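Laboratory data are not the source of any read-out in this text; all were calculated from the coordinates shown. All values derive from a computational prediction rather than experimental measurement. Cβ placement follows ideal geometry from the backbone for every residue including glycine, while neighbour counts extend to all protein chains displayed.
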Amino acid sequence: MSFFPYVLAAWLFIIGLYGIVTSRNFVHLVICLAVLQSSTYVLLLSIGYRVGGVAPVFAGVKVGTPAVDPVVQALMLTDIVVEATVVALLLALALQLQKHTNTLDPDKLKALEG
Amino acid sequence: MNRRTRLVFFLLSAAAFAGVYLWGLKGLPPVGHYRGPYGDVLNRVATYERHVTDVVTAVNFDYRGFDTLGEEFILFMSVVGGTVLLRRQREEEKSEHRDESLADQSPERQAPEASDATRVLTLALVGPLVVFGLYIVAHGQLTPGGGFQGGVVLATAPLLVYLAGNLKKFKQITSHTLVEVTEAVGAGGYLAIGFAGLILGGSYLRNVAALGKTGMINSGGTIALINLATGLEVAAGFVLLLYAFLEQTLEIRLRGGK
Amino acid sequence: MLFLQFTILSFVAVTATAVVLTRDPAKQAIGISFYGLVMALMFFIFQAPDVALSQIVIGAVALPLMILLALTKIRRHEEEEQARHKEKKAA
């Protein structure tokens, strides 16, 4: 169990990247990017975890009980918000692409013409 | 390059990545044995120094407040970018008036009327949802929650109005200038609170407001204020994004069906 | 407690693989919503409630919402294009 979360982070990264590389639809590609980004959450989470620790919220819990790391959780919060913004912008780009070239297939996009 | 070459390239680099990653893993402690000093130091002093009980919010808005400022502006810029990308250009407006009759009057295109059960349930839930969102925003420094989480919960309240079929009301709520003003106030408010810290305390984003008693809702000084500003900004930003995505569909449905 | 964490981590791995291997974006939107919930459960089990809240509202609500709205617009454009094509052929 001690190294399983790290291996899970690598697996999520690889499977997300595989989805992006073999994608045939831009919206599918964006969703695989979201899976790719979630690999960083797992890595950060497992770095800060302490066995038997409580959540770093001390409402009703005595200050001084062993708790998990709050700094990596703050980083994860930022990460999740950035994921939402990246997906929103990429979906808007995919919409414009479909409007102008009438296809959503990455393979059918020709190089810059003209 | 064609698909096969791409796949082979990918498999090779995935193998190389796995190798380097496993080699780098040797330096990490096994999961569950957290070694680093910062987490323990913060857990011990945050409640005493800032009178807040949620250390993650304190880290987000006070100890690492500058990073959260950057993140909030990332959200702001992406809402601006999304709205710009999804705007209706002039030729689209002209062609829309022409093709509307062809595509939209077919029976599969008409969205079904919201049933009575849906309408009652969604409209009854709008009030509790707004209260719940405000509760999460306001109690960010006491219990898990905060500006971001509560802001997104608040932003889904107008969506319930759309699901209930009240299209005119939804358009009124989401396209109102107040939403844009709220977003600007939220983003600018964060900046302004930072400057107040600079003027009154000597460094940007220093916690200069009254710290209050631990466990009360006004504890934490500027943490509570920044929480509110972020909640406003995130809620208004997501409502704007929702409106940008739904704008065209809304116009068609308002013109055609009702 | 150890068994619980092991189970939820394997569940995350299986769900992620299922999401990537689904090719249709509409079905994937439901998949990513479920994946967001599973991730939130994982955060909760690993003692990170703030992050779990954030993941639920963004990964299970806002993300599938944006994806489905984008898909609606795409389908509208496709149908408009087809209607315009038919009109051109008829003319």
Taking the convex hull of the Cα atoms, report for the range C:29-91 its projected area averaged over all directions, in nm².
4.2 nm²
Given the options B:THR53, B:THR230, B:THR83, which has the most mean-square fluctuation in a GNM of chain B, springs set between C-alpha atoms less than 10 angstrom apart?
B:THR83
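Can you figure out the FRET efficiency of B:ILE217 with C:THR7, using R₀ = 30 Å and their beta-carbon distance, to the nearest 0.05?
It comes out at approximately 0.20.
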Could you give the radius of gyration (one decimal) and Dmax (whole number) of the Cα atoms in the protein assembly as shown, in Å?
23.8, 80
Would you mind giving the mean number of other chain beta-carbons within 10 Å of the Cβ of each residue in B:155-165, as a whole number?
1
Give, rounded to the nearest 20 debye, the magnitude of the charge dipole that chain B has about its Cα centre when Lys and Arg contribute +1 at Cβ and Asp and Glu contribute -1 at Cβ.
460 debye
Nearest-0.05 FRET efficiency for B:ASP67 and C:LYS86 at R0 = 51 Å, using Cβ-Cβ distance, is 0.45
How many Cβ atoms of partner chains, on average, are near each residue of A:43-52 if near means within 10 Å of its Cβ?
6
Tally Lys/Arg at +1 and Asp/Glu at -1 over every other residue whose Cβ is under 14 Å from the Cβ of A:VAL63; what's the total?
0
Nearest-0.05 FRET efficiency for A:LYS62 and B:LEU85, computed from C-beta distance (R0 56 Å)
0.65
Which of B:ASP54, B:ASP67, B:ASP116 moves most in a GNM of chain B, Cα contacts under 10 Å?
B:ASP116
Please report the relative contact order for the range C:2-90, taking Cα pairs under 8 Å with a sequence separation of at least 6, and give it as a percent rounded to a whole number.
26 percent
What residue among B:ILE217, B:GLY201, B:GLY127 has its Cα farthest toward the positive end of the dipole of the range B:121-258, where the charges are +1 on Lys, Arg and -1 on Asp, Glu, each on the Cβ?
B:GLY127
Which helices pass in chain A if a helix is a full DSSP H run, must span at least 30 angstrom along its long axis by Cα, and must have mean Kyte-Doolittle hydropathy not below 1.0?
A:26-48, A:70-101
Run the simple label-point estimate for B:ARG6 and C:LEU41 please: 7 Å along Cα→C-beta, distance reported in nm.
3.4 nm
Relative contact order %, chain A, counting alpha carbon pairs below 8 Å whose residues are six or more apart
28 percent
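With viscosity set to 0.890 mPa s at 25 °C, what whole-number translational diffusion coefficient in µm²/s follows for chain B from Stokes-Einstein and a Kirkwood radius over Cα pairs?
Taking Rh from Cα pairs, D becomes 111 µm²/s.
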Under a Cβ-only charge scheme (Lys and Arg +1, Asp and Glu -1), can you give me the dipole magnitude of chain A about the Cα centre, in debye to the nearest 20?
120 debye
What pairs from C:LYS27/C:LYS73; B:LYS168/C:LYS73; A:LYS99/B:LYS171; A:LYS99/C:LYS89; C:LYS27/C:LYS86 go past 22 Å between their alpha carbons?
A:LYS99/B:LYS171; C:LYS27/C:LYS86
Counting Lys and Arg as +1 and Asp and Glu as -1 over every other residue whose Cβ sits under 15 Å from the Cβ of B:ALA46, the net charge comes to -2
Listed residues B:GLU183, B:GLU247, B:GLU233; largest mean-square fluctuation, Gaussian network over chain B with Cα springs below 10 Å, found at B:GLU247
Partner chain Cβ atoms within 10 Å, averaged over the residues of B:130-137 - can you pull that number for me?
0
For A:THR40, the net charge from surrounding residues (Cβ-Cβ under 11 Å; K, R +1; D, E -1) works out to -2
Taking the C-alpha atoms of chain A, convex hull volume expressed per residue in Å³
119 Å³
